[in-house]
1. I'd like to verify a number: residues in region 130-171 that are within 18 Å of the chain's Cα centre (by Cα), surrounded by 14 or more Cβ atoms within 10 Å (Cβ to Cβ) and of a type in the set (S, T, N, Q), how many?
2. Return the pairs, sorted by first residue and then second, in which the second residue is modelled with pLDDT of 75 or more and not in a loop (DSSP other than H, G, I, E, B), the first residue lies in region 12-38 and is over 23 Å from ILE51 (Cβ atoms), the beta carbons are less than 8 Å apart, and the residues are 6+ apart or on different chains.
3. Only one of ASP202, ASP155, ASP142, ASP197 is free of Cβ contacts under 8 Å to residues at least 24 places away in the same chain and closer than 24 Å to ILE270 by Cβ. Can you tell me which?
4. Identify the residue in region 145-166 that is touching a Phe, Trp or Tyr at 6+ places or on another chain (Cβ under 8 Å) and among the hydrophobic types (A, V, I, L, M, F, W, C) and, among all such residues, is nearest to GLY215 (Cα to Cα).
5. Residues ILE44, ILE16, ILE86: which one is modelled with pLDDT of 75 or more, of a type in the set (A, V, I, L, M) and out of contact with any Cys (no Cβ under 8 Å at 6 or more places or on another chain)?
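The values are calculated or read from the model by the stated rules, or taken from the named source; none is laboratory data. These figures come from a predicted structure and were not determined experimentally. With ideal geometry, Cβ positions are generated from the backbone for all residues, glycine too; neighbour counts draw on all protein chains shown.
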Amino acid sequence: MALDTASKTLLQSFGIDPEALSAAVTATAETPFTFTPKGGEVKIGDNTFHIYDTAGHEGLKGRVKQEVLTQAEEIGIKAIKKAANIEFEGKDPLKLIEAIEAKLKLPVDDKLKEKDRDILQLKTNWETEKAAREKAELLYKDREELDRDISFFPDNRIKSVKDKTLRMELKDEGITFGEHEGKPAVFLNGEVKKNADLSLVDPKTFTGEFFKTKGWIVEETPQGKQKSTFDTKTPNNNTSKPAFNHDTTYASVVAKYGSFNDKAQAEYTIAQLESAG
């Protein structure tokens, strides 16, 4: 039984070749069938569906977020205008403050000075709120970038050191990650890294090789046990087991890094592991 024209058109709107699908379904042997979803609008009956790729989905999220923030700000301004019974053109919060200031003008006395202080406080509060929102957005972006960078790390990396510490070590080496022409890329001191054929270096492949040279992976010993290594200066080729001393090791890493921060804690922990074997 063949598909009707309407069904074929619907399948095609999703990026599915109806002829290839029919051939795969009616084949006597198992036959693979693949297709690439077609982006854009798809109408089914009275409903319209939107299909987005990754870039389109992220762009939609950004637009929705910005629109929500803008609408929330405008609603707040309208509420203040209504409560204060004032009128002014536009949606600028600073214009609202100026309108309030004009309405509250009084003779030059202590009350006027008090109102000036109130207006100054309003402006200060607005700037503080704006700075807090910008900081929150920056932290959100930093978190997204951290998660992206960690996704490029090899699965057999050492677990005794925090991922964000390993990422900080990469940055100290001038290595960062980002996008180049819409594709994931590795950057060294701001310059994109490419292979001999001028194709982009794959971040996952790069970190796998780089972590190995730095000793940041878990290796199999001849006895089948796993050994963790962490050396930010040279590859792991030191098979000796120095005796561990808490006082001297703690004092050494604190003197080296200025406090018992992530790097100091990582070096302290590795010293413990190496002495334990």
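1. 1
2. Listed by first residue and then by second, the contacts come to THR31/ALA23; THR31/ALA24.
3. Only one candidate passes the filter, namely ASP155.
4. ILE158
5. Result: ILE16 is the single residue among ILE44, ILE16, ILE86 that is modelled with pLDDT of 75 or more, of a type in the set (A, V, I, L, M) and out of contact with any Cys (no Cβ under 8 Å at 6 or more places or on another chain).
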